[in-house]
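Read through the structure below, which is laid out as structure tokens, and then see the notes.
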Amino acid sequence: MSEQLTITRLGRRGDGVAETDEGLVHVPYALPGEVVIAEIAGDRARLVAVEAPAPERREPFCPYFGRCGGCATQHMDAELYRRWKRDMLMTALTRAGIEAPVGELIDAHGAGRRRLILHARRIDGRPAVGFMAARSHELVAIDHCPISLPALARAPAVGRALAAAVNLRKPLDIQITATEGGLDVDLRGLGPLANRERQALVGLAERLDLARLSHHGELVVERRPPALVMGRARVVPPPGGFLQATAAGEEALARIVTEAFTGRKRVADLFAGCGTFTLRLAERAEVHAVESHAPALAALDKAVRAIQGLKPITTEVRDLFRRPLLPLELDRFDAVVFDPPRAGAEAQARQIAASKLRHVLAVSCDAGSFTRDLAILIVAGFRVRNIIVLDQFRHSPHMEIVGILER
């Protein structure tokens, strides 16, 4: 049954929130101040109509918006969007009892996302490729993604061709990255490849002019190195390896890190990946890069050997969740930067708190784990000098956060 609701604010996912006698109701694609008609099911509702639109409402630019689960905010203007995203971080800081200067949201979208993770499913006997609908297992087939780099315009067509070349016996994920050498594709979900499937994929990589094609991180064929520029180096990340969402976001984060550590002589880069920060920091300081994914550090080592003029770089394969660097190890450094996955770096933060370190920089894509880790450091005497929030996940609730701490 449809009901009239008045939207009072935005929720964490960008949904409009209405207050009812039964509690809060979240209405996707509704804005504060709007009067809407919605079909309510528990604490969520489906937007039927907007009776009184807010002045901040805008026409979405993507034909898949509202069906595809990727973007949540194309219907709101830029000012409301920036305010909502920054306010989410401010709320998380307040809940954690953290007071610190927070800058305005920095646009780090650049030319667009450089990686898409597409899903392939068999629908009506034919392979379809696209994104999943919000909070659903329903596939929304797409022909393009407007917020990605122009080089990824053909990504859905590439995905469909690859899905048709294999026995789509189970759901398939297709990760496609735009690189200097062309498209880098990693398939996940098929299970072991039959010989005929592998041969078909090699031939298809040639016809599709892919730089590299891999399956669960295992190389199928590399026709050209899928290199990315990081500082002065050209890095070939391992298949499916972690990357920042946009090149502009990576550059902005690296600039913040290097400027914050000006004058530091020995730096530890924890959760280093394939060298996003290490390669820039090494232009001024000795760097010890620690990462659990050995192929990522191998890619870093290979990139370092091809350039001259960097300060010494050492690497260590280590699971920092289970074996964080201990205070005696940390005390060898002038500064530490850590950029963990969404779960954060609680174990490592506790060891940093117990060390003699005075300069720390925390990078995170999750406000909850970020504030938890900062709170650990603050209790140990660190002061948050500045918090910077970047938007390289445009039109989504996600953000990149940097905290600069000292004691």
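The values are calculated or read from the model by the stated rules, or taken from the named source; none is laboratory data. Bear in mind the structure is a predicted one, so any value in this text is a computation, not a measurement. Glycine gets a Cβ as well: all are built from the backbone with ideal geometry, and neighbour counts include every protein chain shown. Accessible surface is based on the protein model in full, side chains and every heavy atom, while ligands, DNA and RNA are left aside. Shrake-Rupley method; radii C 1.70, N 1.55, O 1.52, S 1.80 Å.
At a glance:
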{"read-out": "Residue match in region 118-126 (condition: open to solvent by 50 Å² or more (accessible area, probe 1.4 Å), in a loop (DSSP other than H, G, I, E, B) and out of contact with any Cys (no Cβ under 9 Å at 6 or more places or on another chain))", "value": "yes"}
{"read-out": "Candidate set from region 190-210 (those that are part of a loop (DSSP other than H, G, I, E, B) and surrounded by 15 or more Cβ atoms within 10 Å (Cβ to Cβ)); member that is modelled with the lowest pLDDT", "value": "L190"}
{"read-out": "Yes/no for V287 being surrounded by 16 or more Cβ atoms within 10 Å (Cβ to Cβ), among the aliphatic types (A, V, I, L, M) and in contact (Cβ under 8 Å) with a residue 24 or more places away in the chain", "value": "yes"}
{"read-out": "Residues that are in contact with a His (Cβ under 9 Å, 6 or more places away or on another chain) and open to solvent by 40 Å² or more (accessible area, probe 1.4 Å), drawn from region 25-54", "value": "Y29, D43, R44"}
{"read-out": "Test: residue in region 235-246 that is in contact (Cβ under 8 Å) with a residue 12 or more places away in the chain, among the small types (G, A, S), closer than 24 Å to R342 by Cα and open to solvent by less than 10 Å² (accessible area, probe 1.4 Å)", "value": "yes"}
{"read-out": "Neighbours by Cβ (under 6 Å, 6+ apart or cross-chain): first from region 153-175, free of Cβ contacts under 8 Å to residues at least 12 places away in the same chain; second open to solvent by 60 Å² or more (accessible area, probe 1.4 Å)", "value": "A153/H144"}
{"read-out": "Residue in region 291-299 that is open to solvent by less than 40 Å² (accessible area, probe 1.4 Å) and within 20 Å of A92 (Cα to Cα) present", "value": "no"}
{"read-out": "Subset tally (residues that are within 19 Å of D331 (Cα to Cα) and either open to solvent by less than 20 Å² (accessible area, probe 1.4 Å) or of a type in the set (D, E, K, R) (or both)) for region 359-372", "value": "3"}
{"read-out": "Search result, residues across region 373-389 that are open to solvent by less than 20 Å² (accessible area, probe 1.4 Å) and within 22 Å of Y81 (Cα to Cα)", "value": "I387, V389"}
{"read-out": "Sole residue being over 22 Å from G217 (Cβ atoms) and open to solvent by 10 Å² or more (accessible area, probe 1.4 Å), chosen from A141, A108, A161", "value": "A141"}
{"read-out": "Residues of region 174-189 that turn out to be under 15 Å from V129 (Cα atoms) and either at pLDDT below 95 or touching a Leu at 6+ places or on another chain (Cβ under 6 Å) (or both), as a count", "value": "5"}
{"read-out": "Qualifying strands (runs of 3 or more DSSP E) (wholly inside region 270-373; at least 1 residues being under 30 Å from R12 (Cα atoms) and out of contact with any Ser or Thr (no Cβ under 9 Å at 6 or more places or on another chain))", "value": "335-338, 359-364"}
{"read-out": "Selection status of S396, in contact with a Cys (Cβ under 9 Å, 6 or more places away or on another chain), touching a residue at least 12 places away in the same chain (Cβ under 8 Å) and under 22 Å from E250 (Cα atoms)", "value": "yes"}
{"read-out": "Output for region 81-117, where each listed residue is among the small types (G, A, S) and assigned to a loop (DSSP other than H, G, I, E, B)", "value": "A96, G97, A100, G103, A108, G110, A111, G112"}
{"read-out": "Matching residues, region 216-246, being in a strand (DSSP E or B), over 16 Å from E180 (Cβ atoms) and touching a Lys or Arg at 6+ places or on another chain (Cβ under 8 Å)", "value": "L219, V220, V221"}
{"read-out": "Failed item, numbered, when E79 is tested on (1) within 22 Å of A367 (Cβ to Cβ); (2) modelled with pLDDT under 95", "value": "(2)"}
{"read-out": "Residues of region 127-172 satisfying the condition of being touching a Ser or Thr at 6+ places or on another chain (Cβ under 9 Å) and not in a loop (DSSP other than H, G, I, E, B)", "value": "A151, L152, A155"}
{"read-out": "Residue in region 55-97 that is least open to solvent (accessible area, probe 1.4 Å), counting only those that are farther than 14 Å from R394 by Cβ and hydroxyl-bearing (S, T, Y)", "value": "Y64"}
{"read-out": "Hits in region 177-198 (condition: under 20 Å from R234 (Cβ atoms) and not polar (S, T, N, Q))", "value": "A178, E180, G181, G182, L183, D184, V185, D186"}
{"read-out": "Positions within region 164-189 being among the charged types (D, E, K, R) and open to solvent by 10 Å² or more (accessible area, probe 1.4 Å), in sequence order", "value": "R169, K170, D173, E180, D184, R188"}
